[in-house]
Amino acid sequence: MEIDALRQRLKEIVGEDYVLSSSVDLMLYGYDAYLEMSRPDVVVIPENTEQVSQIVRLACEEGIPVTARGSATSLSGGPVPLKGGIVIHFSRMNRILEIDTVNKRARVEPGVITLDLQTAVAKKGLQYAPDPASQKTSTMGGNVGENSGGPHCLKYGVTTNHTMGLKIVLYDGEVVDTGGKAPDRPGYDLTGLLVGSEGTLGIVTEITVRLIEQPEAIKTLLGIFETIEDASNTVSAIIAEGIVPATLEMMDRLVIKAVEESVHAGYPQDAEAVLIIELDGLKDGMERISDRIIKICLANKVREVKVAKDEAERNTLWTGRRGAFGAVSRLRPNYMVCDGTVPRTKLPEVLRKVTEIGREYNLPIGNVFHAGDGNLHPLILFDCRDEEETARVREAGTKILRLCVDAGGTISGEHGIGLEKLHEMSFIFSQDDIAAMWKLKNAFDPVGGFNPGKVLPPLAS
Amino acid sequence: MDIKLLHGILNPQMVSSDTATLTRFSVDGVVPEAVVCPANLSQVSEVIKLANREKWAVTPWGSGTKMEIGQVPKRLDLVLCASRLDKIIDIDVANLTVTAQAGVKLGDLQDLLGGAENRCFFPLEGDLKAQADYMCSGRDYKGVFLPLDPPFPDKATLGGIIATNSTGPKRLRYGLPRDLILGVRYVSPTGEIIGMGGKTVKNVSGYDVSKIMIGSLGTLGIIGDITLRLLPLPEQIATILVSFNELTAVTGFAKRVLNSKLLPTSLEVLNRDGYSLSASTDLKAPSGRWCVAVGIEGFSEEVKREITDLKDMAHFEKAIEMAELDSDSTIVFWKNLANCALTLPKDGETVVKFKAGFLISNFPEVLEAWTNILPDNFCALTASAGLGLACAYLVIKTDSDIEKAARLGKAFRETAENYGGSMVVEFAPATLKQKLDQWGSPHADFVLMRRIKDSLDPLNVLNPGRFLGGI
Ligand SMILES: Cc1cc2nc3c(=O)[nH]c(=O)nc-3n(C[C@H](O)[C@H](O)[C@H](O)COP(=O)(O)OP(=O)(O)OC[C@H]3O[C@@H](n4cnc5c(N)ncnc54)[C@H](O)[C@@H]3O)c2cc1C
């Protein structure tokens, strides 16, 4: 189909104003928070499921690729339209359809910003647990696409643990609901498979999530350490002690410094590591548990433990963590995040080796990460205009992922494979494993129209 | 079937075809031609590849506690039992993970985990200089546990629990097998050994394939080994039993609990017959028509506070009686409830179990409707107020009560469907299954399930015809 004819047909579906095709638009919708870009042929902004269904049916008939896009904060190239075609942007499908306080469920459209949902349910005394650091910008559709995590996922689990059902548009435009508000519908757990499939199996047009009560009490502690090893040993020791806090987040010296310069969270600039420890739940017993944590910190040579006295102090401590990526991006024009994950007792060993890799490749690396989950985020700083340096960054990134795999871990904890880690998939999966995933892909998308070139590397036949 | 083909890949003692064994491993009265018990995944893989070549139908078998789930098999040539896949591969207390083979019995695993003492780990494993610096926990009580409490915990295997997505009352606090699974290694329907996930608590590398293995009733693969999340054993456990005469008071109490900040592990509503299932010699039956059992686990201060608050709430709803179970009685109480179906039937009787899921908000309506259609003779109801789940156990005369049970099942199902849910027949004799669909009607998303099954198991080798919609 001629590109002009395609645009015309799309305009008939969504209206004149919601089909974008100027070269500036196409460039703007061609990248995310990773390094690659690729332009779509056309961007369309539908208003409802029916329109999405028509767009997908048209694309299927014409053999045109379709890539779903939320806010494009993906760090692995998820929404980049690698093979061109149609990008469906969800900024108009941003309604919270229902907050059901009795069943403790919310139904939302995919374009709803994560924080907007959290704010809306908080007004009713409830919470939606997954809290990616990008929550101010990321969409619920993108969270489902990537199975996003966040600081509180140590205790509460990631997006998939809170997703009860999805409305999806299949490759041929059919619309089906998987799961729902009631539990235990018989059949395969399609919802579980769709979460984290990065828009390669179907387009999500509605999401039903689980809400939970807000905790009665919260206690936030900040441990300041002289070495990163002491801090990571503290993480393992807390868990081994039988305490599962709501969060265990760590930042190293480079990140602390950047954060202090930008948001002034009150972290001491000469510390090698800080650890944010948050407890939540019933107020009863919290004092004793917090004392035990302080003892563990002391046994691991903590310099100082600060306890947030009120909501304001707590927010200050968190501002630093939430603003960390942004703060680091002031240091150099670009950063690349490696999302490797290891069993948490391996953290000290792996972090030490990450530092060695930084030295070997002569690249500054900062660490800000979900320590309780063993989910590292080494941030490699660079300037993408320097091609030689960029090449070194990619090599160092691959090496860090290899390191995680060798330590019994994996190549992505929460940012997804996208197009970034196709090659590294072979670090953890055999050809048979990948073939099994291709069979699932083919069952959902026999024409290969959804987000081609992502998640699954081609099979070496 | 040519048994010699099996002898080509397995030791003779792993293959049985004597009548006694075949009868023991029959499924809904359908007798297989051979039973094999391979000792490792490579052998499972060989058997499945052979089955594909020979177009045999294969049924995986854990310990057979849930073999009644599902339709009567369309075909059954070979039963593949997991009894030799019974090794616990790794208990990592410091990382709170366990990896074990599918044939491990949950009860055995819990016993081991409960006594697991080694909370030490190398902070710098692989770094020779630091070998001496072991880190150990100073906690004064020990043990970890797998937060799953399905029916028949002593008998059920991990593979069977995962394949049936089996849960118990503690799901309220700890979630489903799907929330605990970190990795799985299985043999695909075409015989490849597939591994997904591992020991990390977060993982988004590739599709989350383990999710569709859960609850797929052995139709998409033979589960080999599984890595699951553990939790530290709670410092203290207790149970509060509260009894009421009126259903409105029951649901009023449940609502209070659910809208509070308390975090009970379970909130089960039992009718009088339901309560009798969990009663034991040292627990007298409560006098009301309904009993609500609230399980509590946590640090001692939390448990104390929850007990106080729960008693206040019960008071407010004018409870008839209240009892507090200590930790020993708590264990006995919930265990009896989990095993109840084993102890119920006498000679010539069978247990039938229905399980429904529906909107939590309709809990009162569903319970009321079910109570109104209950038969006069024994019928135990156990319902999870915070989850929107309810189970009914009937004891029926195996030869004369089938029609009646089928009618009741249909009425129960209609109620669940009216309130946004569904109902499955979890346990029933084959004669009843012919009169009552086990799964109910599939929804529009069934088209995807069918395509998945066809794509992964093109020759329909694994458990043909047992699952939803005839998969
Ligand atoms: C500063 C920063 C901090 C971050 N912190 C975290 C963090 O703490 N935890 C974490 O997990 N991630 C984090 N991320 C990564 C990212 O924010 C998440 O992956 C987020 O969920 C992406 O949401 P999005 O709306 O931007 O989706 P996009 O990037 O637009 O899309 C992500 C994927 O989902 C697919 N998709 C989007 N909408 C749909 C739909 N409707 N149907 C089907 N597929 C769809 C896309 O095709 C794509 O593959 C961070 C990123 C940044 C830049």
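The values are calculated or read from the model by the stated rules, or taken from the named source; none is laboratory data. Please read all numbers here as calculations on a predicted model, not as lab measurements. Ideal geometry is used to build each Cβ from the backbone, glycine not excepted, and the neighbour counts take in all protein chains shown. Only protein heavy atoms, including side chains, enter the accessible area calculation; ligands, DNA and RNA are left aside. Shrake-Rupley method; radii C 1.70, N 1.55, O 1.52, S 1.80 Å.
The residues of segment A:183-200 listed by number as losing at least 40 Å² of accessible area in the complex, against the isolated chain and with a 1.4 Å probe, are A:Pro183, A:Asp184, A:Arg185, A:Pro186, A:Gly187, A:Tyr188, A:Asp189, A:Leu190, A:Leu193. Simple rule: put +1 on each Lys or Arg Cβ and -1 on each Asp or Glu Cβ in the protein assembly as shown, find the dipole, and look at A:Tyr361, A:Pro151, A:Leu331; the Cα lying farthest toward the positive end is A:Pro151.
For the protein assembly as shown, the per residue solvent-accessible surface stands at 36 Å², with DNA, RNA and ligands left out and a 1.4 Å probe. Peptide B:439-452 is shielded by partner chain Cβ atoms: per residue, an average of 6 of them sit within 10 Å of its Cβ. Taking the centroid of alpha carbons for each part, segment B:421-471 and segment A:51-123 are 32 Å apart. Only the Cβ atoms of Lys and Arg (+1) and of Asp and Glu (-1) were treated as charged; on that basis the dipole of chain A about its Cα centre amounts to roughly 720 debye. For the listed residue pairs A:Lys181/B:Lys105; A:Lys441/B:Lys202; B:Lys170/B:Lys304; A:Lys346/B:Lys202; A:Lys83/B:Lys211; B:Lys346/B:Lys433, the alpha carbons are over 24 angstrom apart in A:Lys181/B:Lys105; A:Lys83/B:Lys211.
Rounded to 0.05, the FRET efficiency of the B:Asn245 and B:Thr431 pair, given R0 = 41 Å and the Cβ-Cβ distance, is 0.65.
Starting from the Kirkwood radius over alpha-carbon pairs of chain A, derive D by Stokes-Einstein at 25 °C in a medium of 0.890 mPa s and give it in µm² s⁻¹. Once the numbers are plugged in, D ends up at 107 µm²/s. Averaged over peptide A:334-345, the number of partner chain Cβ atoms lying within 10 Å of each residue's Cβ comes to 4. When +1 charges are put on Lys and Arg Cβ atoms and -1 charges on Asp and Glu Cβ atoms, the dipole computed for the protein assembly as shown relative to its Cα centre reaches about 860 debye. For the residues of B:13-21, the average number of beta carbons from a partner chain within 10 Å of their own beta carbon is 0. Using the average count of surrounding beta-carbon atoms within 10 Å as a protection proxy, the listed peptides B:199-206, A:42-49, A:449-456, A:282-289 rank, highest first, as B:199-206, A:449-456, A:42-49, A:282-289.
With a 10 Å radius around each residue's Cβ, average the other Cβ atoms per peptide and rank A:83-91, B:218-226, highest first.
Final packing ranking: B:218-226, A:83-91.
The distance separating the Cα centre of segment A:367-381 from that of segment A:386-436 comes to 15 Å.
If you keep only loop residues by DSSP, which GluC sites (Glu not before Pro) in segment A:173-218 have at most 16 other Cβ atoms within 10 Å of their Cβ?
For GluC sites (Glu not before Pro) across segment A:173-218 that sit outside H, G, I, E and B with at most 16 neighbouring Cβ atoms in 10 Å, the list reads A:Glu174, A:Glu216.
On the basis of the beta-carbon distance and an R0 of 51 Å, B:Arg84 and A:Arg385 show a calculated FRET efficiency of 0.25. Rounded to a whole number, what % of the accessible area of the protein assembly as shown do carbon and sulfur atoms account for, probe 1.4 Å? Percent of accessible area from carbon and sulfur atoms in the protein assembly as shown: 50. The distance separating the Cα centre of segment A:259-335 from that of segment B:345-420 comes to 52 Å.
Modelled label positions at B:Glu403 and B:Glu417, each set 7 Å beyond Cα in the direction of Cβ, lie 2.3 nm from each other.
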